[in-house]
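Below is one structure, written out as structure tokens; comments come after it.
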Amino acid sequence: MQAVLSSASEWILPLLIGTILVSGYIRKVPIYEAFVEGAKGGFGTSIRLIPHLIAMVVAVSVFRTSGAMDLLVKLLTPALRWLHIPAEVAPMGLLRPISGQGSLAFMIDIFQKHGPDSWLGMLASTMQASSDTTLYILTVYFGSVGITRFRYALKVGLLSDFVSVLASVFAVSLLSGMIHF
């Protein structure tokens, strides 16, 4: 089964690109020109997003290097224990809504300290995969199209990030045999 999945994953992207090219050719779409036009639009969007991205990177950097992250984890430790969330993965849960790269750095640190196949490694992987960068999405995507009123999207996004952390702890605990029904 592993060999089949590995082989299939190697062919998915080339098949997708080939399908797009063949479909465009059959429909008589000028493929290269359409690609160039799309790239031009993407370039303009990238330029508009740069200020948002810089602000987000600076905010995350200040949050981590100022010690605010460590202080917040210490303050949240009693609640984390009650929710059965290990303090080692708490920074991931806090940073993931803000920065995918920031939470990825914490996940790699967990891998180096505890191993990717450890309970903490599996939990970190599950948390990384089951949540999204809510604030990044709101800043970049909403900002690029001019949406300024996003309070409900923010509440729902952060709530879903919180639930994904709890669900990750539950799922990894259940699958690793720590919870029995």
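Tabulated data for the structure shown
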item	result
Overall form of the stretch 100-162 per C-alpha gyration tensor (a/c, 1.5; a/b vs b/c)	prolate
Candidate lysines for bridging to Lys28, where Cα separation is under 30 Å - those fewer than 8 sequence places away on the same chain excluded	Lys40
Within a Gaussian network of the chain (alpha carbon springs, distance under 10 Å), most fluctuating of Arg151, Arg64, Arg48	Arg151
Hits among lysines - C-alpha to C-alpha of Lys113 under 29 Å, sequence gap 8 or more where chains match	Lys74
Filtered GluC sites (Glu not before Pro), the stretch 1-74: DSSP coil and at most 16 other beta carbons within 10 Å	none
Highest-fluctuation residue, Thr65, Thr77, Thr133 considered, GNM on the chain with Cα pairs under 10 Å	Thr65
Helix axis angle, 68-82 relative to the chain longest principal axis, alpha carbon, degrees	70
For the chain: relative contact order, % (alpha-carbon pairs under 8 angstrom, 6 or more apart)	18
For Cα Rg over 2.2 N^0.38 Å, calculated from these coordinates, the label among [x] 1.22; [y] 0.97; [z] 1.31	[z]
Residue exposure sequence - Arg27, Arg81 - by fewest surrounding Cβ within 10 Å	Arg27, Arg81
The chain: most fluctuating residue of Leu53, Leu16, Leu76 per GNM, C-alpha cutoff 10 Å	Leu16
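Here, each number is a calculation from the coordinates, and none is a lab measurement. Note that the coordinates shown come from a computational prediction; the quantities given were computed from them, not determined experimentally. Every residue, glycine as well, gets a Cβ built from its backbone with ideal geometry; the counts of neighbours run over all protein chains shown.
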